[in-house]
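The values are calculated or read from the model by the stated rules, or taken from the named source; none is laboratory data. All figures in this text were calculated on a predicted structure; none of them were measured in a lab. With ideal geometry, Cβ positions are generated from the backbone for all residues, glycine too; neighbour counts draw on all protein chains shown. Areas reflect the complete protein model, heavy atoms only, side chains present, ligands, DNA and RNA absent. Shrake-Rupley method; radii C 1.70, N 1.55, O 1.52, S 1.80 Å.
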Amino acid sequence: MDSARSIGDIDTMQSAYKTPPLNLTGHPAAELDVDLLVIPSFVDDELVDEPDLDRASGGEIGRARARGEFSGKPYEVLVTALSGWKSLRAVLVGAGKSMDVTADHFRRIATIGGLIARQRRVTRIAVLFRSGTLVEPIVAAQVMAEGVVLASYDGGARKTAGPPPTWLESADIRICDAPAETALAIERGRILGECTNQARAMANAPGNDLTPRVFAQRASEIASSVGLGVEVLDEPNIAALKMGMLLGVARGSQEPPRVVILRHEPQKAAGGVVLGLVGKGITFDTGGISIKPADNMDKMKDDMSGGAAVICAMAAIARLQLPIRCIAVIPMTENMPGGRAVKPGDVLTSAEGKTVEIINTDAEGRLILGDGLWLARQRGATHLIDVATLTGACVVALGKTTSGLFGTPPAWVEDVRRASERAGDRSWPLPVFDDYKEALKSEIADLSNTGGRPGGAITAALFIKEFTGDLPWVHIDIAGTAWAEEPKPYQPKGATGVGVRTLVELASDAASWRVLDE
């Protein structure tokens, strides 16, 4: 393994989050000895399950509702002091109409509560599950655990001035008459939240710290700690596999490329299924010779968010001991405009043997994904998912709240979409009609690496499809969702860790994959 750490790289990534102990309790709210109660509140809320809450607030809750300060609309917040309860204060977080509340509402409410606690420098919280919604208590337990852990992440871990961050020291999940499996659901939520935070920390790492070698080292450390099989390919290994598209992208950088291969091979696994996950690992993207504008180029440190999501999803899959065989391939490199960099008009030969004319060197992610998908097939994958911050065109199409889904057959796309919905990672399918392939024709090679601006997200997906070998395949374009440009009550500005929970949810429920029935 390379000794290639940059100053502060691994230690800072680990100090970007701290997971608090999570406890299941069924005690009445008045008896919870914490600093802050986090209480979902509905538009149509009469507090029938917490009849003493308004009295404990000195009538402030009722008065706030009467004057329109707090109505219970989603993610409104009302902080109030309490008297006569063990907790001295509560935060009511709007959830909307009770019959419209989803699991994602509970996840976000828990995150909001945790963030408010940290902002107020209090360390012990309790998040209340309230009846009267369609969300099952076990589901609520998991997502509230996720939300609390997601709140315990700090994107400013490299700051040296000012007070250190306040971390949550404990969090109670209050569910009355909880089913026996609830504790396991909380543990699952803790793991999912923690692995999402790991991905956020890597995506937030600057490019001078998280070089391809350091990224590979970090991936290897995470994988080894949870019992995953790990293989790291260096430049000679990559060249021996004739992964010409990856090597072409890497040519302009002083930093050598790497490919990380992770394996999850449980003894009792579903037969005939190997889930192949491929993540884009561009640790910094200048655009190469087709260089990007200077504005916002600093954000291109997150161009490895897909790779981070795949690594951390594999870690969660291993920690949860899911009974499905998985292989992950993460090609890692920088895209730089050095003297040896690939140029527009050059032709690269992929590991598949197909030749590709380079029209735009900033369309590099699809090149390394193509070689990565080929390698996943060679290592036995039967169902493919790739995750990448791939195209600005997807951001134009779907904005910053929804990831794009592309793939075949439709049943496999639907399997992934349903998993993303359950996981709280919103996504939406876009077409991959063959008509769009005309844009990828080249006069001198098998295909070109870009089809121009019209339908850019679709033609990018169709380029990737050329390297899937007709296996069931889905491409998740997270260009708009990997980084939050504007803070929201439940999502601070910065890396989101999108994709981790979707991949784990998909792996958790292979028995329900519709594609297996086709």
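In this structure, is Ile173 crowded, with 24+ Cβ neighbours inside 10 Å, more than 18 Å from the chain's Cα centre (by Cα) and of a type in the set (A, V, I, L, M)? Quick ask: steps written out before the conclusion?
Values: crowded, with 24+ Cβ neighbours inside 10 Å: yes; more than 18 Å from the chain's Cα centre (by Cα): yes; of a type in the set (A, V, I, L, M): yes.
Here the answer is yes, as Ile173 does meet what is asked.
All but one of (1) over 30 Å from Pro206 (Cα atoms); (2) at pLDDT 95 or above hold for Ala110; which doesn't?
Only one criterion is unmet by Ala110, namely (1).
Over 26 Å from the mean Cα position of the chain (by Cα) and closer than 20 Å to Thr182 by Cα: does that describe Ser83? Spell out how you get there, then give the answer.
Values: over 26 Å from the mean Cα position of the chain (by Cα): yes; closer than 20 Å to Thr182 by Cα: no.
Against the criterion (over 26 Å from the mean Cα position of the chain (by Cα) and closer than 20 Å to Thr182 by Cα), Ser83 does not qualify.
Under 6 Å between Cβ atoms, at least 6 apart or on separate chains: pull out the pairs that start in the stretch 60-84 with a residue that is on the phi > 0 side of the Ramachandran plot and end on any residue that is of a type outside the set (Gly, Ala, Ser) and open to solvent by less than 60 Å² (accessible area, probe 1.4 Å).
From the stretch 60-84, the pairs are Gly72/Phe42; Gly72/Asp45.
Determine which single condition His105 fails, assuming it passes every other condition in (1) of a type outside the set (A, V, I, L, M, F, W, C); (2) more than 26 Å from Ser71 (Cα to Cα); (3) modelled with pLDDT of 95 or more.
(2)
Give me the pairs: first residue in the stretch 14-27 and touching a residue at least 12 places away in the same chain (Cβ under 8 Å), second residue open to solvent by 50 Å² or more (accessible area, probe 1.4 Å), beta-carbon distance under 7 Å, and six or more apart or on different chains, which are they?
Hits for this filter: Thr19/Arg190; Pro20/Glu169; Leu22/Arg190; Leu24/Ala183; Gly26/Cys176; Gly26/Asp177.
Residues are listed down the side, and each one gets a yes or a no for (1) outside any loop (DSSP other than H, G, I, E, B); (2) in contact with a Ser or Thr (Cβ under 8 Å, 6 or more places away or on another chain):
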| position | (1), (2) |
| --- | --- |
| Lys400 | no, yes |
| Gly404 | yes, yes |
| Gly407 | yes, no |
| Trp412 | yes, no |
| Ser420 | yes, yes |
| Asp425 | no, yes |
| Trp428 | yes, yes |
| Tyr436 | yes, yes |
| Pro454 | no, no |
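Answer yes if at least one residue in the stretch 290-306 is under 27 Å from Leu184 (Cβ atoms), among the charged types (D, E, K, R) and open to solvent by 40 Å² or more (accessible area, probe 1.4 Å), and no otherwise. Spell out how you get there, then give the answer.
Initial filter on the stretch 290-306 (under 27 Å from Leu184 (Cβ atoms)): none.
There is no residue in the stretch 290-306 that is under 27 Å from Leu184 (Cβ atoms), among the charged types (D, E, K, R) and open to solvent by 40 Å² or more (accessible area, probe 1.4 Å).
Between a first residue in the stretch 151-175 that is more than 19 Å from Ala205 (Cα to Cα) and free of Cβ contacts under 8 Å to residues at least 60 places away in the same chain and a second residue that is open to solvent by 40 Å² or more (accessible area, probe 1.4 Å) and part of a loop (DSSP other than H, G, I, E, B), which pairs have beta carbons less than 7 Å apart while being 6 or more apart in sequence or on different chains?
Every condition considered, the pairs that remain are Thr166/Arg121.
Would it be correct to say that Glu194 is open to solvent by 40 Å² or more (accessible area, probe 1.4 Å) and part of a helix (DSSP H, G or I)? I'd like the intermediate steps shown before the answer.
Values: open to solvent by 40 Å² or more (accessible area, probe 1.4 Å): no; part of a helix (DSSP H, G or I): yes.
Spelling it out, it is not the case that Glu194 is open to solvent by 40 Å² or more (accessible area, probe 1.4 Å) and part of a helix (DSSP H, G or I).
Being crowded, with 18+ Cβ neighbours inside 10 Å, modelled with pLDDT of 95 or more and part of a loop (DSSP other than H, G, I, E, B) narrows it down to one residue among Leu367, Leu373, Leu390; which is it?
Values: Leu367 fails: part of a loop (DSSP other than H, G, I, E, B); Leu373 fails: part of a loop (DSSP other than H, G, I, E, B).
On inspection, the qualifying residue turns out to be Leu390.
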